[in-house]
Ligand code: ATP
Ligand code: MG
């Protein structure tokens, strides 16, 4: 017997019941980004592997363990993008969008791919909405990015369910000094570290700070903290950010263990976290990466951005029942027609109604059927009215309009008056 075909583990179908929530989230954010003057960029899903090796960095989990990499027919090594920043940087450099100090405020959305252990809130194909800003070094833009996300949570009714965690990573020199101090401390406790952290001690020691291992976390309680090593400029930058957040009334928690373990990240890092989703609680993560563009061979160019996990936000909306009911609004009307001639007239009538009534949700019965079966389908569709077109109605150029959701009587309405009638019904709904 042939095996039934299945989707790849960790790669989900998003079914029709779920897509309204996705669209709600995406369109809410898209209009918010419009309002702040950010422009969308659309990028390929496949890039040369080297882009991510350089852009995300060897020694990170993403590059070392999580990428979908393969050779194409031309023997080039390609990778399904695991995130959006590297591709955005490649595109702005390739098209000269940041030349001459031009400011760019960009956003993107789409699927990302990481070979991870699938679980709730963690998948192998997942979606991000991300924002990247170039050529603005000051803390004002960091504050704007946070304000923008904060506004999104409020627009989605999630404001009370997420908290902002904030940290500054300082300059790369300051971090270097701190890294040495951290390594010296952890080496003394090497045997007590979890296996991942032992490995990271050599490759990416700052990442140990966000280890989920309890023993390691206990050790870290007495470790030197990054805040004590911040350089003066970074300290001033961080104070500038905090002052702006305070002025906007955005509350935050300083989390000295929040890190991005790569050298081109510096100064601001932030995460929005929730305690409503279990272990996968970070819904949005971002930071400043002033060193990244020069890593790609471009002129030093300040950059700052964030990415949010769409699946986790959809889960949060569902868990907290914040999906607006109107998203699943049924059709206003379901048009039933009986007999070939009436069916033809029904399609033409439906098209003219769609022309004349903006926002009309009109279903036309497909596949003929008896009066009883069409009526049953009309009822099941959730439509507010059934419109009925049989031979008699056709001869008189009218339809029967039967309210399906209350006890009002069926009315007979002339074709000419139908658009106006439906428009009033929609208004009253
Ligand atoms: P985590 O620590 O959860 O693995 P990360 O640091 O790898 O997160 P980023 O690369 O910063 O995540 O991605 C930004 C956001 O994208 C995350 O905060 C999360 O909301 C989402 N995200 C990342 N990986 C996944 C995944 N495999 N499945 C679903 N969402 C994800
Ligand atoms: Mg990860």
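Some notes on this structure:
- In the range 210-227, the residues that are exposed (fewer than 13 other Cβ atoms within 10 Å of the Cβ) and more than 19 Å from residue 187 (Cβ to Cβ): 212, 214
- Scanning the range 372-402 for residues that are within 19 Å of residue 326 (Cα to Cα) and crowded, with 18+ Cβ neighbours inside 10 Å turns up 383, 384, 385.
- The set of residues in the range 373-405 being touching a helix residue (DSSP H, G or I) at 6+ places or on another chain (Cβ under 8 Å) and assigned to a helix (DSSP H, G or I) consists of 391, 393, 394.
- Qualifying residue in the range 258-278 (condition: farther than 17 Å from residue 149 by Cβ, modelled with pLDDT under 95 and not in a loop (DSSP other than H, G, I, E, B)): no
Conditions (1) exposed (fewer than 14 other Cβ atoms within 10 Å of the Cβ); (2) modelled with pLDDT under 95; (3) more than 36 Å from the chain's Cα centre (by Cα), marked per residue:
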site: 284; (1), (2), (3): no, no, no
site: 288; (1), (2), (3): no, no, no
site: 291; (1), (2), (3): no, yes, no
site: 309; (1), (2), (3): no, no, no
site: 313; (1), (2), (3): no, no, no
site: 317; (1), (2), (3): no, no, no
site: 328; (1), (2), (3): yes, yes, no
site: 338; (1), (2), (3): no, no, yes
site: 367; (1), (2), (3): yes, yes, yes
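- Qualifying residue in the range 357-372 (condition: over 30 Å from residue 12 (Cβ atoms) and in a helix (DSSP H, G or I)): yes
- Residue count for the range 205-253 satisfying the condition of being touching a strand residue (DSSP E or B) at 6+ places or on another chain (Cβ under 9 Å) and within 25 Å of residue 279 (Cβ to Cβ): 4.
- Given (1) touching a helix residue (DSSP H, G or I) at 6+ places or on another chain (Cβ under 6 Å); (2) within 9 Å of ligand 1 (Cβ to nearest atom), index of the condition residue 132 fails: (2)
- Hey, residue 44 more than 27 Å from residue 144 (Cα to Cα), surrounded by fewer than 14 Cβ atoms within 10 Å (Cβ to Cβ) and without any contact (Cβ under 8 Å) to a residue 40 or more places away in the chain or not: no
- Residue in the range 162-182 that is in a loop (DSSP other than H, G, I, E, B), farther than 30 Å from residue 298 by Cα and in contact with a helix residue (DSSP H, G or I) (Cβ under 9 Å, 6 or more places away or on another chain) present: yes
So that you can scan it fast, the table gives a plain yes or no per residue for (1) closer than 23 Å to residue 158 by Cβ; (2) away from ligand 2 (no atom under 16 Å from the Cβ); (3) touching a residue at least 60 places away in the same chain (Cβ under 8 Å):
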| position | (1), (2), (3) |
| --- | --- |
| 6 | no, yes, no |
| 18 | yes, yes, yes |
| 29 | yes, yes, yes |
| 32 | yes, yes, yes |
| 40 | yes, yes, yes |
| 71 | no, yes, no |
| 86 | no, no, no |
| 96 | no, yes, no |
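- First in the range 304-315 and more than 18 Å from residue 113 (Cβ to Cβ), second anywhere and in a strand (DSSP E or B) and within 16 Å of ligand 2 (Cβ to nearest atom), Cβ under 6 Å, 6 or more apart: 305/286; 306/284; 306/286; 313/283
- Evaluation of residue 405 against (1) in contact (Cβ under 8 Å) with a residue 24 or more places away in the chain; (2) surrounded by 12 or more Cβ atoms within 10 Å (Cβ to Cβ); (3) within 38 Å of the chain's Cα centre (by Cα) (one fails), failing number: (1)
- Any hit, the range 291-306, residues being within 16 Å of ligand 2 (Cβ to nearest atom), in a strand (DSSP E or B), under 25 Å from residue 51 (Cα atoms) and touching a helix residue (DSSP H, G or I) at 6+ places or on another chain (Cβ under 7 Å): yes
The values are calculated or read from the model by the stated rules, or taken from the named source; none is laboratory data. Keep in mind it's a predicted model, so treat the numbers as computed, not measured. Positions of Cβ are backbone-derived with ideal geometry, glycine not excepted, and every protein chain shown enters the neighbour counts.
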